[in-house]
Structures are given as C-alpha cells and as structure tokens.
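Report on the structure given below.
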Amino acid sequence: MTLLDSRDLALIAAIVALGWVGIWLLLPHRHGGVKTARAYRVGALLSAIAVLLVLPYLTPPGDLLARLFFYSFSLLALLGAVLMITARNPVNSALWFAVVVLSSSGLFLLAGAQFLAAGTVIVYAGAIIVTFLFVIMLAQSHGQAIYDRSARRPLAASLTGMLLLGALISAIIAPGATRKDGDPAPIYSVGAIADQPPADGPIAAVTAQALTETSRLPRPLEQGETPAHVAGLGATLFTDHLLTVQVVGLLLFVALIGAVAIATPKAPIRPDRSTASSSPGSATTNPGGVS
Amino acid sequence: MATWQIAVILVKIFLIVGLFQGAVAYMILLERKIAAWAQDRIGPNRCGPLGLLQPLADGAKMLLKEDVIPGYVNKPLYILAPAIAIVMATIGFAVVPFGPAGLDAPTVNGNPIHFQIAPNVDIGILYVFAIGSLAVYAVILGGYASNNKYSFLGGLRNSAQIISYEIPLGLSVLGMVMLARSLELNDVMSWQDRNGLGPIPAWGVFVQPLAFLIFLVSAFAETNRLPFDLAEAEQELVGGFHTEYSAMKFGMFFLGEYLHVITVSFLTVILFFGGWDAPFLGVEDTSWIAAVLKVGVIFFKVTLMVIFIMWIRWTLPRFRYDQLMNLAWKALIPLALLNLVVTMVLIQLFRGVG
C-alpha cells in the first residue's frame, strides 16, 4: 500500500536534501571558524528554496486577509527557525526564537485559539526568552566563547532534523491522516466515552463507577457557535483532564521546593567578618550565617 | 469580512493612533507644567499662549536634531529597540474599549459600531498583558545594543523590575475577572454598571480595594514612573538604557513610555472605576447620544488618572533596588494571592447573589 504518490515523494525528498545541504552550509563551522561568503550565499539560497517548497503543503484559511496573514506568519516562522539555529551570535538566536514564537502565536490566533496564542506569548516570549537573554548577556562579558560560535556535528544534526521534517510532512499529507465527518474521533474525552452505550469489560466498570455528572461539559457546542475560549478551556481542564492538572501541579510544587532547597544560601564554612560588619544590609540578608 | 468592516477598523486605528500620539505631546507639556507647579516655578510659557505650542517645538526639535549612532553599538539591535518600544506601546490599544462596545454599542443600519479596535476578543486582558510582557525587549535590547555599562545596568534593572511586577499586576486583575466572569474588558465594565448597592456603583475600587492598590503600584512599576524609575536614574546611571540614544530614537522611547501611561490609565479606569459608568448612564442606553456621553466620561476619568500619575511623581522619592524587589516579591505577590483566595471563597459562598 502506497501512502504517497510519486510527486509528493519527490517533493519531500527535495525538501530534505535541499534543506540538509542549505542548513549545513549556513551552520557555523565545527571548530568555530569562519566560512566563506559564497558558502553562506549558496546555503541561504538552498534553504530558501526548501522553505518555499514547504509552502504548497500548508492549508490556508479561506478569507483573503486571513490567507495573507497566514502566509506571512508561516514564512516568518520558518525563516526565523532557520536563522535561529544558524545565527552565530547567541543573542540573535534568542531573538529569532522570539520571532518564531510570535509568528506561531499569530497562526494560533488565525486558527481561533486565542488563549493559546496569548499564553504562548506571555510564557515563552515574555518570560522564558527574556531569561535566556539575561543569561546570555551576562555570560558574554568577555566576548563570545568558542562554544557559542561553533556547531556540534552540523552535518548529522541537520540531516536528522530534515529527516524528521520530511517524516512529519508525509505523515500529515498521507491519505487517511485527515479525519472525515463520519470517522470516530481519534482522541476520546471522558464525556464522549460516557455518551457511548455501555460496553462490556473494564471500560464499562470504570465509566460506571468513576463518572459523575460534573465530569462533563455543560452541553455540546452548536453548529456555527464560537466556543467560549477561556471558559471552555477551564471546563475541559477541570473535567476531562482533572487528574493531569493535579499531577502537573504537584510536579511544579516539587520543583519549587527543590529550587528553594538549592537556592537557599548555605552557612559559610568560614564566616566573612569584613562584609558582615561593614554594611548593615548584609546582616539581614544572610540569616544562616555563622556568627 | 465585508469591505466596510475593514474600512471601519482602519478608521478606528488611524483615529486612535493619531489621537493618542497627539495626546502624548500634550501630556509632556502637562507633565512639565505639573512639575513646575510642584516646584513653585512657572514652567514652559514661551511658545504660544500659556506655552500651548511647546509640544510642536519639542516635536520639531526631536525630528530635526542630528541622529548620532555611536560607532561601538550593535547597529541592527540598536535601531530595533526604539521601534519595539513604540510598536508594543501602540498595539496594546487594540482591545482597550474607549467607549461602548459589545452589547451596548450604537448601531448604524442595524450593524453595531464598537468603540474598540478589535471587538469581541475573548481574551482582552490577557492580550494586554502579553503585549506588555513584550515591551521589556525594548529596554533589554536598548541596554545591550548600546554596548555601554551604564546602559546595560539600566536595562538589566528595568527588565528584572518589569518581569517581577507583571506577576502582582496579573494576579490583582483576576479578582475583577472572576467577579465579572469574563476576560473581556467590555464585560467587566457592564458588570460594574449592572451591579451595585443603590446609589453606590460596584466599581472595582469598592469591591476590590486591595486589588486596586496592588494594581496601581504594579502599574507604576510597569510604566517606569517615578517611585520605580531606577532604569533611568540620572544620578547613578547617566540616564539608563537610553543614554546612547539621540534625536527621534530617544523620542520613540519617550513616546512609548507615555503611551504606556495612557494604556495603564485606561486599564485602571476600566477595571476599577467603572469605565464609562456614570450615575445617569447604563448598559441599556444604546443611542448615539449615550455613546458620545460614555466616550466623554471614560476620557474624563482617564485624564484624571493621568494627572494623578504625574502628581505622584513629585510626591514620592525613588526606591532603592532591594526595596523595589522586596516590595514585589515579599509584599505585593502574597497580598495579591490573599486577595485572590478571599475573592474566590466569597464568590463561592455568595454564588447567585450578585
């Protein structure tokens, strides 16, 4: 059974090959050396062709304006991703990562996932990348280190990445990958299981005992009705995925305790008398100090 | 989306951007006048009657001055930073209603005209916070790209401050969000209008007084206004993250800061002072006269808030850096969490009453 016709197969192979060579040429040298400008130019050209070859596989939304935004965000995200891994300055890498995150949240917005878009921007662009920038800037006070300028195993790494991309594209466009109306949903929610006629065996036992009325969404969505984004998300999280939420909360709590345990300053082996006596502020900030 | 809808949106964008950029020019004049009044001076009075043409002279000066780019800066990031500052300050207005929007919007031929650039965005407040969290890039990049120790220190201080104060800012808003059961700013306003005890409206400042205080303090820190303007402490940092910037690039940082003040004033008024809510106006008035009145009321309240923010500048001295961080992490965040829990419990107990 063939999942893809030969045209798709050739296109995907071309994307993988062009992207591999292009990104390998664009990546920094293995020992942090400088490549010639021609290598960068050829690499940029090949990567750009690979990025353009991906575009036919995207399914744009119907509206003209939405389509315009969709293609801009997609191109920006792809270019940002390539530039993020190939930039030689880690600060620029972090900024290109921010571009990727912002473009992806633009795509989320176009797909109607408003909360996901806002959450991505707040968490990734607003907090995580800013922390990256802090660390990179403070670590760079004496110029760029060799480990920042060199790429580790560029040939194998770019091949692996592009093969993964090829596998993803083929999995997405393969016939049967998109669900039709009559097909059963691939992911069951608790509500969906509860609505099914009672089956025999363990599923019936679990659904009969574990489910109460609170573990269902208030009512199914009508056709053409916009879902209440945050309210709907909250309802799903605290009914269908209640256990997951609690486990994740516990995990975060454990991580928090661990962070506090690691970050609390230990009592110094030999007390530093010079600073403890000179400034009044340091006496209060070091309560564990041996006096 | 029909063509007329796009046209209406474009008109609103041009109107809002133009109006607020013009307002910023006069806010600078207002700030200087209030500073002069606080210091017993006269203030700018040379350009036009009462100095009213001073903003034009300032703007011309900003645009016509020589734009010096020092040789040692990281040029792409150096140019990017002020652009980020002004873009982030401007697009934050997209979901802020400046009049009746949503249910009580006035109609033309049965089509509602919302006084809001992007109406019916479910996540209004989250969007404002997302944009606000991006504004930190301007400061951190400005400090880094300048390649100057003082600028870098200013940038670091400021980004740590903004990241820290975002937490109490977000937590303090959640109380109002839970009461109104919506993240949309229109719904928060109409909730404040619909509820209340007799003549006393259910403004956020009455139902969530602690949250209001926390929000106000955090908002001052987010906008870098004076008790928290460590990033540009002239005495220690020669100006802070914008030391190396001149002419309009400096002006763009300046403009961004004042636009932030306007955004924060709008948020405060909408969340805690009822927005367009006045004793004679309600959510059920959907005529055009009521709409104009509501716009007037909201702009009046915002003006008062802006004047209050400028007045505070000459009232409180600047914080020290450790005091700043202690205030956020040891005082405001626990208080905001307490407020959140108490609000939750009360809502759960009195469910169905309000």
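The values are calculated or read from the model by the stated rules, or taken from the named source; none is laboratory data. Remember, it's a predicted structure, so these values are computed and weren't measured experimentally. Quick reminder, even Gly has a Cβ in these numbers, built from the backbone with ideal geometry, and neighbours come from all protein chains shown.
Scanning segment B:149-195 for residues that are away from chain A (no Cβ under 13 Å) and of a type in the set (Lys, Arg) yields a count of 1. Filtering A:Arg149, A:Arg153 for residues that are more than 10 Å from chain B (Cβ to nearest Cβ) and at positive phi leaves a single hit, A:Arg153. You will find that of A:Val21, A:Val54, A:Val42, A:Val16, the residue that is in a helix (DSSP H, G or I), more than 23 Å from the chain's Cα centre (by Cα) and touching a residue at least 24 places away in the same chain (Cβ under 8 Å) is A:Val21 and no other. For segment A:38-58, residues that are among the β-branched types (Val, Ile, Thr) and over 20 Å from A:Ala14 (Cα atoms) total 0. Here segment B:133-149 is the region considered, the condition is being among the hydrophobic types (A, V, I, L, M, F, W, C) and over 17 Å from B:Asp229 (Cα atoms), and the residue that is surrounded by the most Cβ atoms within 10 Å (Cβ to Cβ) is B:Leu141. Check whether at least one residue in segment A:99-116 is within 9 Å of chain B (Cβ to nearest Cβ), under 22 Å from the mean Cα position of the chain (by Cα) and more than 30 Å from B:Ile6 (Cα to Cα), and report yes or no. Checked segment A:99-116: no residue is within 9 Å of chain B (Cβ to nearest Cβ), under 22 Å from the mean Cα position of the chain (by Cα) and more than 30 Å from B:Ile6 (Cα to Cα).
Taking helices (runs of 4 or more DSSP H) as the structural unit, those lying wholly within segment A:233-291 and holding at least 2 residues that are on the phi < 0 side of the Ramachandran plot, at pLDDT below 55 and of a type in the set (Ser, Thr, Tyr) correspond to A:273-278, A:280-285. Applying the criterion of being more than 14 Å from every other protein chain (Cβ to nearest Cβ) and among the small types (Gly, Ala, Ser) to the residues of segment B:103-135, the residue that is farthest from B:Arg194 (Cα to Cα) is B:Gly110. Taken over segment B:136-148, the residue count meeting the criterion of being touching an Asp or Glu at 6+ places or on another chain (Cβ under 9 Å) and either without any contact (Cβ under 8 Å) to a residue 12 or more places away in the chain or within 10 Å of chain A (Cβ to nearest Cβ) (or both) is 2. Regarding A:Arg88, is this residue more than 10 Å from chain B (Cβ to nearest Cβ) and loosely packed, with under 15 Cβ neighbours inside 10 Å? Judged against the criteria, A:Arg88 is not a match.
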